[in-house]
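A.B. asks: For reference, the structure I am asking about is given below.
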C-alpha cells in the first residue's frame, strides 16, 4: 500500500486515465508482446534474422520491465521518464528492424506503440508536475 499511496499523491494531469485501466491494458499488451517477441527470438535462434534485429526487442523488454522498478520501487519519476523514452525508442527501432522479415510482428506492435506513446507523454507530464521547486 505505501507505493499506491505515493503514486496516488502525485500531481497528475486531468487527462490521466484511472489507475484501474493500466492492469487490463498491460495484460492485453503483454500477451501480444509475448507472442510477437517470442516469434522474433525463435527466428533469431533459427538464424532467420541477425542479432541486430533481435537486439531492440531484447532491450525493449528490459527497459519495459525496468519501468515498474524505477517508478514504483524506487519512486523515481526522473528515472521512470528516462526509461520510458528508452522503451519508446527501442520499440520504434524493433518495429523498423523486423519489418523486412515479419511484417505482422511490426503490425501487432501498433497498439503497444500507441499505448507507450501515450504513457510517455503521461510520464513526462507527471515528472514535470512533480519536480520539487
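The values are calculated or read from the model by the stated rules, or taken from the named source; none is laboratory data. Every value quoted in this text rests on a predicted model; they were computed, and no experiment measured them. For neighbour counting, all protein chains shown are included, and Cβ atoms are generated from backbone atoms with ideal geometry for every residue, glycine included.
A.B. asks: Only one of these is part of a helix (DSSP H, G or I) and surrounded by 15 or more Cβ atoms within 10 Å (Cβ to Cβ): 49, 87, 96. Name it.
C.D. replies: Working: 49 fails: part of a helix (DSSP H, G or I); 96 fails: surrounded by 15 or more Cβ atoms within 10 Å (Cβ to Cβ).
Unique residue meeting the criteria: 87.
A.B. asks: Can you list residue pairs whose Cβ atoms sit under 9 Å apart, with the first residue in segment 95-113 being in contact (Cβ under 8 Å) with a residue 60 or more places away in the chain and the second being outside any helix (DSSP H, G or I)? Count only pairs 6 or more apart in sequence or on different chains.
C.D. replies: Listed by first residue and then by second, the contacts come to 102/48; 102/49; 105/99.
A.B. asks: Please determine, by comparing only the residues of segment 1-27 that are part of a helix (DSSP H, G or I) and surrounded by 13 or more Cβ atoms within 10 Å (Cβ to Cβ), which one is farthest from the chain's Cα centre (by Cα). So that I can check it myself, show each step before the final result.
C.D. replies: Filtering segment 1-27 down to residues part of a helix (DSSP H, G or I) leaves 2-9, 19-27.
Narrowing further to those that are surrounded by 13 or more Cβ atoms within 10 Å (Cβ to Cβ): 7, 25-26.
Numbers: 7: 18, 25: 12, 26: 9 Å.
Top of the filtered list is 7.
A.B. asks: Find all pairs meeting these conditions: Cβ atoms under 8 angstrom apart; at least six residues apart or on different chains; first residue within segment 26-50 and touching a residue at least 60 places away in the same chain (Cβ under 8 Å); second residue outside any helix (DSSP H, G or I).
C.D. replies: From residues that are touching a residue at least 60 places away in the same chain (Cβ under 8 Å), the pairs are 32/109; 36/109; 39/102; 40/49; 40/102.
A.B. asks: Suppose the filter is assigned to a helix (DSSP H, G or I), surrounded by 15 or more Cβ atoms within 10 Å (Cβ to Cβ), over 12 Å from the mean Cα position of the chain (by Cα) and at pLDDT 95 or above; does residue 55 pass it? Give the derivation first.
C.D. replies: Details: assigned to a helix (DSSP H, G or I): yes; surrounded by 15 or more Cβ atoms within 10 Å (Cβ to Cβ): yes; over 12 Å from the mean Cα position of the chain (by Cα): yes; at pLDDT 95 or above: yes.
The answer is yes for residue 55.
A.B. asks: Check segment 76-84 and report whether any residue there is in contact with a helix residue (DSSP H, G or I) (Cβ under 7 Å, 6 or more places away or on another chain) and without any contact (Cβ under 8 Å) to a residue 12 or more places away in the chain. Before you say what the answer is, go through the steps one by one.
C.D. replies: Narrowing segment 76-84 to residues in contact with a helix residue (DSSP H, G or I) (Cβ under 7 Å, 6 or more places away or on another chain): 76-81, 83-84.
Still in the running and without any contact (Cβ under 8 Å) to a residue 12 or more places away in the chain: 76, 79.
Yes, some residue in segment 76-84 is in contact with a helix residue (DSSP H, G or I) (Cβ under 7 Å, 6 or more places away or on another chain) and without any contact (Cβ under 8 Å) to a residue 12 or more places away in the chain.
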